[in-house]
Structures are given as C-alpha cells and as structure tokens.
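To start, the structure under review is shown below, and the notes come after it.
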Amino acid sequence: MWQWLTQLYHRMGSPKWFYELTTPWIPWLAAISIIGTVVGLVLGLAYAPADYLQGNSFRIIYIHVPAAILAQSAFMMMAVAGAVYLIWRMKMAAWVAKVIAPIGASFCLIALLTGAIWGKPTWGTWWVWDARLTSMLMLLFLYFGVIALQRAMESEDASYKAGAILSLVGLVNIPIIKYSVEWWNTLHQPATLKLTEKPSMDPDMLVPLLIMIVTSYVFFALLVILNTRNEILLHERKRSWVKQLLSGQE
Amino acid sequence: MTAPKRASQIELTATSLTCERDDRLLFEQLSVHVANGDLLQLVGPNGAGKTTLLRLLAGLNQDFDGEVLWAGEPLQQVYAHYAHQRLYMGHLSAVKRALTPIENLRWLTSQWNVADDLLWQALEEVSLAGYEETACQQLSAGQQRRVALARLCVCPAPLWILDEPFTALDHYGVTWLEQQLERHVTGGGAVIITSHHALQGIHSLRQLELGSVHS
Amino acid sequence: MSLIGATVKRDLLLAARNPGEWANPLMFFLMVAALFPLAVDPDPSFLAKIAGGVIWVAALLATLLSLDALFRADVEDGSLEQWLASGESLYGMALGKALVHWCISGLPLTLMSPVLGLMLALPNDAYGALILSLAVGTPILSLLGAVGAALTASVRSGGLLLTLLILPLYIPVLIFAASAVYHAGIGMPYNGQIAMLGAMFALALAFTPFAAAAALKLNLSR
C-alpha cells in the first residue's frame with residue numbers, strides 16, 4: 001500500500017505519465033459533460049415544479065449554484081496544488097494551479113452574472129448586496145489577484161510560488177470573508193425575499209440540481225486536463241516523447 | 001542544529017555541484033574545497049555562473065544538485081552557525097543613502113555586536129573619517145562601496161565571500177582591499193571572491209575557471 | 001535578534017529622516033475624508049451615519065499607499081540579501097518590518113482619527129470605538145500588507161497590483177471595524193466586533209509572517 005502510494009506520487013510528478021493517462025479520458029469526460037448538462041437542464045427547466053414564491057425565475061439556480069460551488073472548490077484545489085509545488089517542487093502541481101485560476105474565475109463570474117440575472121425578477125435590481133453574491137465578488141477579486149500576480153512575476157518559478165502563497169493566504173481568508181459578509185448582511189437585511197434554501201427543496205427540484213453539480217465537476221475536470229496537457233506540451237516540447245507525439249500526429 | 005567542531009576552523013567542501021539556469025548548464029560535477037589560508041578566485045566570462053556559484057557556497061542559493069558541507073555537516077543544517085562564521089558581500093552594498101556612514105556600518109555589523117569605537121576606527125581606515133554628518137547619498141559610489149567594505153576591518157568571521165568587491169574603487173581603494181585580503185588570508189582566514197580585477201600581491205591565490213562547460 | 005532589532009531601529013531612523021514617508025499618507029487620510037462631505041452632503045445627521053465607514057475606508061487607502069515601499073528599497077539595495085545571509089529568521093524580520101510599518105502608518109492614523117471624527121460629525125459616543133477599532137485593526141492591515149508588499153517588491157509599478165491583492169483580505173477588518181464604530185454611535189454594544197478584530201489580529205500575528213518570509217525569498221535574483 002505504501003509502496004503503491006510512493007509509486008503514485010512519483011508518477012503524478014511525471015508529465016508524460018499524466019499526458020498518456022488522460023488521453024483516453026477526454027472523450028468520456030466530454031460525453032458525460034454534454035449528456036449531464038442536457039439531462040440536468042431539461043429536468044430542471046422543463047420538469048421541475050415552479051417555486052411557490054418565485055415562479056419560474058428560480059430555475060437559474062441550475063446554473064448559478066453549480067457555478068458557485070465550483071468556483072469555491074476550484075480555489076481550494078488551486079491552493080492545494082500550489083502548496084504541493086511549494087513543498088515538493090512538483091512541476092505538474094504548479095501547472096495545474098496555474099491552469100485552474102482562469103477556469104475558477106470564469107465559474108465565479110458565471111455565478112455572479114447568473115446571480116444578477118436572478119436578482120432582477122426577484123428583487124427588482126441587477127445587483128444586490130446579498131451575502132452570497134458579495135462573498136462571490138470577493139472571491140472573484142481574490143482570483144483576479146492570483147492571476148495578476150502570476151503574470152507580473154519575472155521568473156516562472158517565482159510566479160508559481162507567488163501564486164501559491166497568495167492562494168494559500170486567500171484560502172485561509174475565504175471562510176473569514178464569508179463569515180464577515182454574512183454577519184454584515186444580517187445587519188442590513190433587505191426587506192424583501194431570501195433566496196430558496198437547498199434543504200427545503202422538493203426532490204423534483206433537487207435531483208436536476210445534483211445532476212448539474214456533478215456534471216459541472218466533470219466539465220471542470222475536462223477543462224483542467226485539457227489546459228494542463230497544453231502546459232505539458234509547452235514545457236516539455238524539447239523532450240523526445242513530445243517530438244514523437246507531435247510528428248506522429250502530422 | 002550542531003555546532004562545528006572548532007570555531008575558527010574553516011572547512012567548506014562542495015562536491016558534485018551541478019547547476020542549470022534557463023535551460024543552460026552552468027557547471028556540472030564541480031568540486032570546491034576551501035580551508036584556512038585559501039584565497040579562491042572564481043574567474044570566467046560574464047554569465048558563466050560565477051555569482052551563482054558564489055551564492056551557492058554562501059548558502060543563499062539552494063537551486064542546485066550536489067552537496068555543500070561546512071565542517072562536515074550539510075550547510076543548511078548548520079546555517080545559523082555558518083552565517084556567523086561567514087561574511088557575504090554581494091553586488092549591492094546594502095548601504096542606505098539617507099543614513100550616515102556610521103549608521104550604515106552599525107547596521108551592517110549588527111550581527112557581530114561590534115563596539116562603536118571600533119566602527120569609527122574602521123571608517124578611518126577606509127578614509128571616511130570626516131563624514132560623520134554626511135548622508136551617504138552625498139558620497140560617491142566608490143565611497144559608498146567603502147562604507148560596506150569597512151566591515152572587513154571589524155568583522156570576526158573567518159570566511160569572506162565577496163562578489164565583485166573592487167567595483168567603483170579608485171586606485172587607493174584597490175590597493176587597500178588587496179592588502180586586506182592578503183592580511184586576512186595569511187592570518188588564517190579564507191576568502192572566496194569573484195572579480196574581473198587581476199589580483200596583485202596575493203601569495204596563495206587559487207583560481208577556479210567557469211564557463212568551460214557547454215550544454 | 002540583533003539584525004532584526006537593528007533593522008527596526010534603522011527603518012525608524014529612516015522614517016524620521018524622511019518625514020514624507022509617514023506624513024504624506026496622513027495628509028491623504030485627511031483629504032480623502034474631506035471629499036465625502038463635498039461630494040455628497042455636509043449635513044451632520046447624514047455624515048454621522050457614514051463617518052465611521054468613511055474614516056475606515058480612508059485609513060485603508062492611506063495604509064495601502066505606504067505599503068508599496070515596505071520592502072522595495074531593501075530588495076533593490078541588497079538589504080534583503082544581507083538578511084538572508086545573516087542566518088536570522090525571515091519570520092522575525094517580516095514581523096519587525098510590519099511593526100515598523102504600523103509605527104509609521106497605523107499608529108499615526110489612529111492618533112489622528114479624532115480630527116477626522118470632528119470633520120465628519122462622528123457621534124460623541126463613537127470616538128472610543130473609533131480609536132479602539134483602529135488601534136486593533138491597523139496592525140492587521142500592516143501584517144497582511146507585509147505579505148502583499150513582499151510578493152510585489154520586485155514588480156515594477158507593483159503598488160497597484162499590491163492594492164488588488166490585499167483589498168479582498170482587508171474586507172473582514174473593514175466590516176467589523178466600521179460596524180463597531182457605527183454601533184457605538186447609536187448607543188449599542190460593540191464588544192463583539194472588537195473581539196472579532198482581536199481574534200483576526202491574533203491569527204494574522206501568528207501566520208502572516210510565514211507567508212511574508214516565503215514571499216521575500218522570491219525577490220532574490222539568481
């Protein structure tokens with residue numbers, strides 16, 4: 001067992017292993033993403049019953065909630081990958097962290113935009129200082145910070161380490177920020193409705209949501225794998241296996 | 001952390017040093033040994049890796065393959081002790097321009113707790129005695145360099161690692177520094193130095209040439 | 001400790017020699033606060049409600065101004081290299097620098113804040129909370145700021161980038177501090193907010209120097 005773990009650890013650090021391992025995965029991940037999205041959205045948009053308060057406008061949660069969950073998970077994964085690089089100097093971890101940042105930021109942006117679209121019919125305005133939206137906005141700023149910092153550093157190694165340090169500091173701060181924003185929001189509650197909470201959901205509403213959440217993780221994995229593969233090809237382009245691969249494809 | 005065996009014994013051994021930078025191999029399987037009485041000069045063209053090797057031996061750079069031992073112990077494990085026995089001067093002199101020479105020198109030697117009157121004597125030796133009230137920004141580059149070099153007069157560390165110390169020095173400064181190096185080495189200390197300047201008056205000079213390794 | 005102590009002494013001496021370093025952010029603090037009555041409404045009953053928040057936002061901005069220079073000069077003149085060469089802990093050095101920054105930034109801001117309170121019609125009951133929240137909150141700003149300053153010390157025009165990195169991290173401090181001042185102003189208890197600030201200060205004190213030390217090492221050239 002221990003031997004298998006150490007073997008796995010060594011293999012994970014090898015770009016070539018990762019590249020070859022993930023090549024057959026891509027069509028499957030893509031298929032699941034597409035099918036999952038179609039099924040989830042059809043069930044959610046067409047078959048789930050309308051919410052008694054919000055009517056049909058709540059249906060945007062089928063995109064909003066998965067995006068929000070993924071935005072937060074992605075940040076965590078980015079910080080962990082960065083920490084792996086800081087401690088063990090594993091290049092693969094650095095590339096994964098680098099690649100996750102814009103993807104996570106995009107999910108965060110989608111969550112914010114869909115949240116705003118949800119806000120319009122529900123509260124009458126495009127933006128509300130609701131606790132969750134505000135926390136998401138702070139998360140987006142943290143993402144921007146990591147992306148901007150990585151682009152600003154001169155050496156590649158410094159950019160990976162700087163990004164890792166900032167992601168870790170950000171990671172510790174995310175619960176603090178969320179707590180402070182929620183606390184602040186309870187003081188300044190708008191007089192109107194609160195968003196529907198998941199636990200009190202009808203199973204007909206819940207099932208499509210779960211499908212969409214799982215599908216989003218799969219889609220995220222697909223994006224990360226595709227982008228990491230690009231980083232591998234870029235960084236290992238002088239190695240013989242890459243040259244063979246690229247010439248074999250022509 | 002263990003202490004080295006004898007405080008003024010110098011034994012810096014590096015083996016199988018291999019270092020790469022920007023996909024370029026700087027040096028490979030290099031060995032360096034420095035003991036009491038040695039003056040090792042690293043020579044080579046610009047970009048050959050002299051500063052990289054110097055910083056590596058000083059313990060500032062850990063991005064290499066190989067081993068560096070101080071009195072038989074791995075450098076990073078005895079780093080605090082090593083740092084006390086080793087004086088490092090880099091390209092940049094760490095002199096703050098808004099402060100006077102004595103204020104700068106106090107900071108530069110704070111690690112070794114040197115008394116003020118010794119610091120004044122050191123400044124006199126580098127011909128900066130009359131500048132008590134002058135901020136270093138009003139001094140020339142060579143004078144600022146001499147503030148940093150004044151450390152050599154008062155610092156008890158036996159091993160000196162100096163990167164281009166002759167920069168900006170005038171003729172008198174160069175002669176003075178060469179005398180300091182010679183005096184230090186004959187007194188049992190050791191020096192590792194990079195310099196484009198051809199050292200004069202040094203008796204046990206050894207040279208290590210870099211830049212003869214091609215990737 | 002001797003190099004760390006010597007660095008704290010040296011930096012304070014440098015700040016004394018270069019008064020702009022601490023005086024300019026103070027002037028900025030004053031001026032930013034003055035903008036609000038001019039831009040919105042000088043009516044005291046309106047200002048009283050926003051005074052705490054405005055003073056705190058101004059304090060944040062003034063702190064950010066002085067943070068960029070925290071490590072930049074030390075990187076450029078070789079002092080950072082000497083810190084590393086000395087064998088003394090970078091954790092302690094980062095803590096020392098954050099302390100110096102607070103002495104030349106947070107402390108003057110805290111002392112000057114009553115003046116801004118007067119300008120912005122801060123309710124009388126809120127002055128204590130204002131000073132207390134600044135006294136506990138500004139060290140947190142210095143500690144977190146040191147991490148950002150260390151990360152951007154080698155980046156050209158890194159000051160703006162520093163702002164982007166640090167502002168999200170400052171949000172919790174801002175929320176609790178401004179809330180403390182507001183609640184004090186309306187006669188309600190504010191112990192909880194101050195306690196949260198205290199907890200954040202303890203957390204920052206324990207952990208941020210590690211991040212700052214790691215970030216400082218990135219500034220060394222090879």
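Over all projection directions, the Cα-based convex hull of the protein assembly as shown averages an area of 37.0 nm². Largest GNM mean-square fluctuation among C:ALA146, C:ALA23, C:ALA59, using chain C with Cα springs under 10 Å: C:ALA23. For chain C, the relative contact order works out to 28 percent when only alpha carbon pairs closer than 8 Å and six or more residues apart are counted. Going from the fewest other Cβ atoms within 10 Å to the most, the residues B:GLU103, A:GLU154 appear in the order A:GLU154, B:GLU103. Ignoring lysines fewer than eight residues from A:LYS161 along the same chain, the ones with Cα atoms less than 27 angstrom from its Cα are A:LYS16, A:LYS91, A:LYS98, A:LYS178, A:LYS238, B:LYS50, C:LYS97, C:LYS217. Exposure proxy ranking for B:TRP176, A:TRP129, based on other Cβ atoms within 10 angstrom of each Cβ and starting from the fewest, stands as A:TRP129, B:TRP176. Across peptide A:136-149, the mean count of Cβ atoms from other chains lying within 10 Å of each residue's own Cβ comes to 4. Remark: mean inter-chain Cβ contacts per residue of B:115-125 equal 0, using a 10 Å Cβ-Cβ cutoff to other protein chain atoms.
The translational diffusion coefficient of the stretch C:2-217, from Stokes-Einstein at 37 °C and 0.692 mPa s with a Kirkwood hydrodynamic radius over alpha carbon pairs, comes to 186 µm²/s.
Using only side-chain charges placed at the Cβ, +1 for Lys and Arg and -1 for Asp and Glu, the dipole size of chain A relative to its Cα centre rounds to 640 debye. Highest-first packing order for the peptide set B:31-41, C:93-103, C:122-132 is C:93-103, C:122-132, B:31-41, based on the mean count of other beta carbon atoms within 10 Å. Placing unit charges on the Cβ atoms of the charged side chains and taking the dipole of the protein assembly as shown about its Cα centre, the candidate lying farthest along the positive direction among B:LEU123, A:PRO49, C:LEU64 is A:PRO49.
Peptides B:71-81, B:143-153 ranked from most to least packed give B:143-153, B:71-81, packing being the mean of other C-beta atoms within 10 angstrom over each peptide's residues.
Comparing B:HIS84, A:LEU171, B:LEU57 along the charge dipole axis of the protein assembly as shown, the residue lying farthest to the positive side is A:LEU171, per the Cβ-charge model.
Per residue of C:125-132, what is the mean number of Cβ atoms on other protein chains within 10 angstrom of that residue's Cβ?
0
Ordering B:127-134, C:179-186 by mean Cβ neighbour count within 10 Å, with the highest value first, yields C:179-186, B:127-134. Electrostatic tally near B:TYR172: other residues with Cβ closer than 15 Å to its Cβ, Lys and Arg +1, Asp and Glu -1, net -2.
Only Lys, Arg, Asp and Glu carry charge here, each on its Cβ (+1 for the first two, -1 for the last two); on that basis the stretch C:2-217 has a dipole of about 160 debye about its Cα centre. Both radii are taken from the alpha-carbon atoms of chain A; with Rh as the Kirkwood radius, Rg/Rh is 1.03.
In the neighborhood of B:CYS136, defined by Cβ-to-Cβ distances under 14 Å, what is the net charge if each Lys or Arg adds +1 and each Asp or Glu adds -1?
Charge balance in the 14 Å sphere: +3.
In a simple Cβ point-charge model (Lys, Arg +1; Asp, Glu -1; nothing else charged), the stretch B:11-209 has a dipole of about 220 debye relative to its Cα centre. The stretch B:85-154 and the stretch A:8-39 have Cα centres separated by 60 Å. Think of chain A as a dipole: +1 on every Lys or Arg Cβ, -1 on every Asp or Glu Cβ, centred on the Cα centre; then among A:SER14, A:LEU187, A:SER106, A:SER14 lies furthest on the positive end.
Sorted fewest first by neighbouring Cβ atoms within 10 angstrom, C:LYS9, A:LYS120 come out as A:LYS120, C:LYS9. Neighbours of A:VAL42 by Cβ distance under 15 Å: Lys/Arg scored +1, Asp/Glu scored -1, total 0.
Every number here is computed from the coordinates shown, using simple stated rules; none is lab data. Treat the numbers as computed from the prediction; the structure is a model and nothing was measured. Note that we place each Cβ from the backbone using ideal geometry, even for glycine, and neighbour counts take in every protein chain shown.
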